[in-house]
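Following: one structure in structure tokens, then a few remarks.
Bear in mind these aren't lab numbers, they're just calculated from the coordinates by the rules spelled out. Remember, it's a predicted structure, so these values are computed and weren't measured experimentally. For neighbour counting, all protein chains shown are included, and Cβ atoms are generated from backbone atoms with ideal geometry for every residue, glycine included.
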Amino acid sequence: MFKGSLVMLSLLTMFIILSLDTSIINLQDKFFEPVSAQGFNNTRSRIQNETAESTTPPTDRTLIVKLLADNLENRINKSAAILEITGELPQVKNVSYANSISSELHGIPKDLDIAKRKVAQDILATDKDLQLIFFLMPNGDMYMEEPYSRQQNLTGNNFAFRDYYKGAVSTGDTYLGNVVISASSGLPQSNIAVPLYHSASNNNTNGSNGKMTLVGLWGGGLNKSNSLLGVWSGGLNLTVFSETLQSLNLTNGERIVYVDQHGLKVADSNKQSFKTNQNESFANLQAFNNVLQEQKPGSAIEMINGIRMLVFYEPVQFHSTTWAVLLLKPA
């Protein structure tokens, strides 16, 4: 019944990519396959041209940060759109095996709910910016995770304490979580969470506060009941985002980082720092605080590790969450 899942996902993803503004996100084709390879060449060339000369004026650094922010924003939106669309599939909304959840297995057995696992596997094969897909029950209990090896490696069973779960459930909308240490890999990870609801049979607003909740790109304005079915989520592959930055021709001590809403590092152009200082925070920088307060690009002089640095910054918006791109350059 569901043998066409991969074909459907490919078609949907192509639709999503074509719907995005690809004129500004052409970065690193070799790191995004097969979906993420669409239209990333031109911007990579533009950025490498901008960074090739040490005498490049500050205005060009502003352009580089802008291009990277647009790239990151589009990639996050693309992955979120895939999760939102697939979250409306009946096999994803089916939780008939919930009684088989085992604390020892950290979810249902590997051979149960094959249809949902197949959708998850198809997403991972389609979007290399995602490294795992999982489904949480309304109370936050883990239902399933793909790859299954990641489910086996989990150290907990309930994730209602995580900010991505709280954010998705409290807002009734797709939510981008902050960087956390993954319970299944021990590595930094950020999750996109999509709350799923039982479809309402009427057009009443959702919830006691009258707020209408929309789920999926193809919601068409239809309301959902306030009965939470679960949370369909995907974990971003932060290593891939760092590889994008590490391939750029940065010179003269320049460094570029992506940071989450709390100032924690998401990706880093410095290979060594990305590996050895995974919990690095930029929350104390005025540049980061300017992003949160002003929600617009700019630059600031900062003292970082005793060195005077010029920091260019650009906000990255995703629903209610603001991340940032920071370019650090010796002043």
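Below 8 Å between Cα atoms, with a sequence gap of 6+, how large is the relative contact order for region 88-143 in percent? Let's see the in-between values first.
On the way: 42 pairs, mean separation 17.0, N = 56.
It comes to 30 percent, rounded to a whole number.
Where does the charge balance sit around D111 when Lys and Arg score +1, Asp and Glu -1, over other residues with C-beta under 14 Å from its C-beta?
Values: positive: K110, K116, R117, K118; negative: D113, E146.
Around D111, the surrounding residues sum to +2.
If Lys and Arg each add +1 and Asp and Glu each add -1, what is the summed charge of the other residues whose beta carbon sits under 12 Å from the beta carbon of L187? Show your work: numbers first, answer last.
On the way: positive: R150, K275; negative: none.
Neighbourhood net charge equals +2.
Under the rule a/c < 1.5 gives rounded, and otherwise a/b versus b/c splits prolate from oblate, where does region 271-331 land using the Cα gyration tensor? Please list the in-between numbers first.
Working: a/c = 2.16, a/b = 1.24, b/c = 1.74.
The shape class here is oblate.
Given H placed on each backbone N at 1.01 Å, which residues far from L187 in sequence or on other chains put an amide H within less than 5 Å of it?
Here S182 satisfy the definition.
Under a cut-off of 17 Å between alpha-carbon atoms, report the aspartates and glutamates in cross-link reach of K271, not counting same-chain residues fewer than 8 places apart.
E243, E254, E280
Each residue of region 97-104 in turn: what ³J(HN,Hα) in whole Hz from Karplus with 6.51, -1.76, 1.60 and θ = phi - 60°, glycine and Pro shown as x?
My calculation for region 97-104 gives 9, 4, 5, 9, 4, 10, 5, 5 Hz in order.
How many nm separate the modelled label positions at Y97 and Q272, each set 7 Å beyond the Cα in the direction of the Cβ?
4.7
Give me the one-decimal nm value for the distance between modelled label points at M303 and S227, 7 Å along each residue's Cα-to-Cβ direction.
A separation of 6.1 nm, rounded to one decimal place.
So what are the ³J(HN,Hα) numbers for region 72-86, from phi and the Karplus equation (6.51, -1.76, 1.60; θ = phi - 60°), rounded to whole Hz, Gly and Pro as x?
Couplings: 5, 4, 5, 5, 5, 5, 4, 5, 5, 5, 4, 5, 5, 5, 5 Hz.
Roughly how far apart, in whole Å, are the Cα centres of region 68-122 and region 161-177?
Region 68-122 and region 161-177 have Cα centres spaced 16 Å from each other.
Sorted from largest to smallest, which semi-axis lengths in Å does the alpha carbon gyration tensor of region 56-106 give for its equivalent ellipsoid, taking the root of 5 times each eigenvalue? Could you put the intermediate results ahead of the total?
Details: eigenvalues 375, 43, 3 Å².
Value: 43, 15, 4 Å, ordered largest first.
Place a +1 charge on the Cβ of each Lys and Arg in region 89-137 and a -1 charge on the Cβ of each Asp and Glu, then give the dipole magnitude about the Cα centre in debye, rounded to the nearest 20.
Numbers: 6 positive and 6 negative charges, 20 e Å.
Its charge dipole is roughly 100 debye.
5 Å is the cut-off here: which amide hydrogens, built 1.01 Å from N in the peptide plane, fall below it relative to Y143, excluding neighbours closer than 5 in sequence?
Long-range HN contacts for Y143: F135, L136, M137.
Under the rule of at least 5 residues apart or a separate chain, name every residue whose amide H is placed under 5 Å from the amide H of S199.
So S199 has HN proximity to no qualifying residue.
Residue by residue through region 262-275, what is 3J(HN,Hα) from phi via Karplus (6.51 cos²θ - 1.76 cosθ + 1.60, θ = phi - 60°)? Round to whole Hz and write x for glycine and proline.
Result, ordered by residue: 10, x, 7, 5, 9, 8, 8, 6, 8, 4, 5, 5, 4, 7 Hz.
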